[in-house]
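Enquirer: Quick one: the structure is below, and I'll ask about it shortly.
Any read-out appearing in this document is the output of simple, stated calculations on the displayed coordinates, not a laboratory observation. These figures come from a predicted structure and were not determined experimentally. Ideal geometry is used to build each Cβ from the backbone, glycine not excepted, and the neighbour counts take in all protein chains shown.
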Amino acid sequence: MWEEDEKILLKDSSHMIDVAFHINCKTLPYDHAYELSQEIINRLPWMKDAKLSGIQTLHGPDSGNGWVRSENEEIFLSKRTRLILRVPRSDVIKTKSLEGEIIKVLGSEIKIGKSTTKSFLVVRDLICRFVLCDDSQDEEGFLSDVRNELKNHNVLIKKAICGKTKNLTIAGNKKFTRSLMIADLSKEHSILLQDLGVGDGRLFGCGIFLPHKSIDAVANFKEE
């Protein structure tokens, strides 16, 4: 019982929170981060000045027919897909003004429906789908930069793994990204990293930490 109470206190102590919108959209180009960001910021211009605010890209299945999806491919969005904005808790009501809006992203129409707020899960393992980095830098150099950035926030990481590399088009320029998993975090550091993120580009879906689909994350989902 005490452990559960601690989890509730921790997750509600974060500065940021996720606002998840139901959407109606069948398909979307995979590389849509910049255009989605522009459409959202046109309606919520304050997000540009709200430090650490983020706009998560929309995701379908990671692969189809046993093959890894091409970056040029269209993705299919299910009814379970949500548009998720990470915003300061004090800005939740302003964020919810997106309900009922219709936006167009690269020719695809997205109808934005009702929203719910989602506090961060207290989990040991976090993943970031896209971290902006230098394409000339090797994995060791990348992880060293991440380690130093987090050290500035008094977070000393012991286990971190690079994953997939992807290119994103931002303002007409190709940007190189790596995925990143950080494991065995303390409960306090798990919440802190979800608050802070890593690197730049939150408004383009970069640097945003999410719970990794591990046994620990699944257990917490059940408890919540």
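Enquirer: Just for the Cα atoms in the stretch 126-223, what are the lengths along the principal axes, largest first, rounded to whole Å?
Expert: 44, 26, 20
Enquirer: Ranking request for peptides 172-181, 204-213, 81-90: highest mean number of other beta-carbon atoms within 10 Å first, then the rest in descending order.
Expert: 204-213, 81-90, 172-181
Enquirer: Kindly state, to the nearest 0.05, the FRET efficiency for residue 161 paired with residue 101, given R0 = 35 Å and r defined as their beta-carbon distance.
Expert: Efficiency computed from Cβ-Cβ geometry: 0.40.
Enquirer: Quick check for me: using +1 on Lys/Arg Cβ and -1 on Asp/Glu Cβ, what's the dipole size of the stretch 14-118 about its Cα centre, in debye to the nearest 20?
Expert: Using only the charged Cβ atoms, the result is roughly 540 debye.
Enquirer: I would also like to ask the following. For the chain, how big is the tail of P(r) above 27 Å, as a whole percent of Cα pairs?
Expert: 33 percent
Enquirer: Moving on to the next point. Once a ≥ b ≥ c are taken as the square roots of the eigenvalues of the Cα gyration tensor of the stretch 63-193, is the result rounded (a/c under 1.5), prolate (a/b larger than b/c) or oblate (a/b not larger than b/c)?
Expert: Here the stretch 63-193 falls in the oblate category.
Enquirer: I need the peptides 37-47, 152-162, 121-131 ranked by packing, meaning the mean over residues of other C-beta atoms within 10 angstrom, with the highest value on top.
Expert: 121-131, 37-47, 152-162
Enquirer: Can you compute 3J(HN,Hα) from phi for each residue in the stretch 119-133, using the Karplus curve 6.51 cos²θ - 1.76 cosθ + 1.60 with θ = phi - 60°, rounded to whole Hz and x for Gly and Pro?
Expert: 5, 5, 7, 8, 10, 7, 10, 10, 10, 10, 5, 9, 10, 5, 7
Enquirer: Also, I was wondering about something else. Once the convex hull of the C-alpha atoms of the stretch 14-118 is built, how many Å³ does it hold per residue, rounded to a whole number?
Expert: 107 Å³
Enquirer: Something else about it: Output the pairs from 11/174; 11/96; 11/94; 26/51 with a Cα-Cα distance over 27 Å in this structure; if there are none, say none.
Expert: In this structure, 11/174; 26/51 lie more than 27 Å apart at Cα.
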